[in-house]
Amino acid sequence: MMLQKFVATPLAAVAAFIAAVVFAGCTGLIFYVWPTGLIDHKLAITPEVIQRLRDLQSERKFEPDPMTFYPGARNETERAAAQAAVDATIASLITQLPAHPRRSTVLGTMKVALANFDTVESEERDRLLGYFTQIMEICGVQSSAELFNVWRYGFPYGWFL
């Protein structure tokens with residue numbers, strides 16, 4: 001009897017924790033509490049980095065791309081809105097990074113943009129993450145620390161690989 005109680009209580013706690021994580025992931029709550037400042041470090045933001053960001057900002061985005069099999073946005077209104085989200089993120093980084101050249105600045109700015117990106121189209125969501133990955137590479141950020149997976153899928157799937 002004592003052994004059953006000793007084993008059942010921890011198992012119930014583990015089951016409740018797993019249920020809470022699944023609920024939080026499925027509803028998107030994990031994204032809103034996901035930290036962007038862990039393992040923060042200073043970035044080498046040079047005039048060349050800022051120019052590369054400006055060059056990316058000036059490109060037309062969300063056009064069909066046969067190399068990645070991306071079909072392009074469904075219409076010009078959606079394409080322009082998606083491009084505006086990426087361009088606004090880049091503009092914000094161009095302004096913020098010289099004064100705050102940190103990984104947390106890049107990820108925090110992206111987290112705000114992701115929270116406000118409201119399309120249900122999976123192709124646009126994936127393409128947005130492609131642009132954000134390019135921005136991270138330009139800035140010297142190695143990883144989103146699972147921020148992208150948590151936004152896209154609700155869970156940090158990279159932890160399970």
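The values are calculated or read from the model by the stated rules, or taken from the named source; none is laboratory data. As the structure is a prediction and not an experimental result, all values here were calculated from the model. As a convention, Cβ positions derive from the backbone with ideal geometry for all residues, glycine included, and neighbour counts pool all protein chains shown.
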Filtering helices (runs of 4 or more DSSP H) wholly in the range 1-78 for at least 1 residues that are at pLDDT 90 or above and in contact with an Asp or Glu (Cβ under 6 Å, 6 or more places away or on another chain) gives 47-58
Would you mind stating whether Asp126 is under 19 Å from Pro71 (Cα atoms) and touching a residue at least 24 places away in the same chain (Cβ under 8 Å)?
yes
I'd like the full set of residues that are on the phi < 0 side of the Ramachandran plot and among the small types (Gly, Ala, Ser), limited to the range 61-102.
Ala73, Ala80, Ala81, Ala82, Ala84, Ala85, Ala88, Ala91, Ser92, Ala99
Quickly run through the range 73-86 and pick out the residues that are touching a residue at least 24 places away in the same chain (Cβ under 8 Å) and crowded, with 17+ Cβ neighbours inside 10 Å.
Ala73, Ala82, Ala85, Val86
Among the residues in the range 87-105, are any closer than 17 Å to Val33 by Cα and assigned to a helix (DSSP H, G or I)?
yes
